1. For residue 78, what is the net charge nearby, where nearby means another residue's Cβ is under 12 Å from its Cβ and Lys, Arg count +1, Asp, Glu -1?
2. Suppose only helical runs count, i.e. DSSP H with n ≥ 4. What mean residue ellipticity at 222 nm does that imply for the chain under -39500 (n - 2.57) per run, divided by all residues and rounded to the nearest 500 deg cm²/dmol?
3. Quick one: 115, 21, 3, fewest Cβ neighbours within 10 Å first, how do they rank?
4. Output needed: Cys residues of the chain lacking any neighbouring Cys C-beta below 4.7 Å, sorted by number.
5. Residue farthest toward the positive end of the dipole of the chain, with Cβ of Lys/Arg at +1 and Asp/Glu at -1: which of 99, 61, 83?
6. Residues with beta-carbon under 15 Å from that of residue 39, excluding residue 39: net charge, scoring Lys, Arg +1 and Asp, Glu -1?
7. Taking the Cα centre as origin and putting +1 on Lys and Arg beta-carbons and -1 on Asp and Glu beta-carbons, what dipole magnitude results for the chain, to the nearest 20 debye?
Amino acid sequence: MVKQISGECFCGEVSYEFGGKLRDARSCHCSRCRKAFSAQASAYAEVDAAKFNWVKGEHLLTTYATGNGFGLQFCSRCGSTLCGVYEGAVHGVTLGCVNGDPGVEIGRHIFVGSKAAWEVLPDGVPMYDEAPPDNR
């Protein structure tokens, strides 16, 4: 049986679900992600777009194009960043908006060369000063 994973924004007006597993969970520490997510880093994982479904509130989504076909989608009411998109399709979800235990751990920290000076990173997880060698 395929596990259903669900998520929602802060106000609960936008929600989604998908079947399958999250993959390649990572945390990006670049200055742009810190601003976009109002946090020390972004934490996200990739999904299979074909198995992703908006349950409610899709009309409340706003998309911010970040370039090269990529963008972020967030709730226009509360501002929660819910997912990343590539060429219009959901590419990955922000882990902070996933309900319950999604069954993943952060597998790598990227762009740590530009992390916030006040952030302390955990030991034991691969870290890359910029993009990792496979450029994912």
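1. Working: positive: 77; negative: 8, 13.
Net charge in that neighbourhood comes out at -1.
2. The helix-only estimate for the chain comes to -1500 deg cm²/dmol at 222 nm.
3. Details: 115 21, 21 16, 3 11.
Ranked by crowding around the Cβ, least crowded first: 3, 21, 115.
4. 30, 83, 97
5. Of the listed residues, the answer is 61.
6. Details: positive: 26, 32, 34, 35, 115; negative: 119.
So the environment of residue 39 carries a net charge of +4.
7. Details: 13 positive and 15 negative charges, 34 e Å.
Approximately 160 debye in magnitude.
Every number in this text was worked out from the coordinates using simple rules, so none of it is lab data. Fair warning: this is a prediction, and the values are worked out from it, not measured in the lab. Note that each Cβ is placed from the backbone with ideal geometry, even for glycine, and that neighbours are counted across all protein chains shown.
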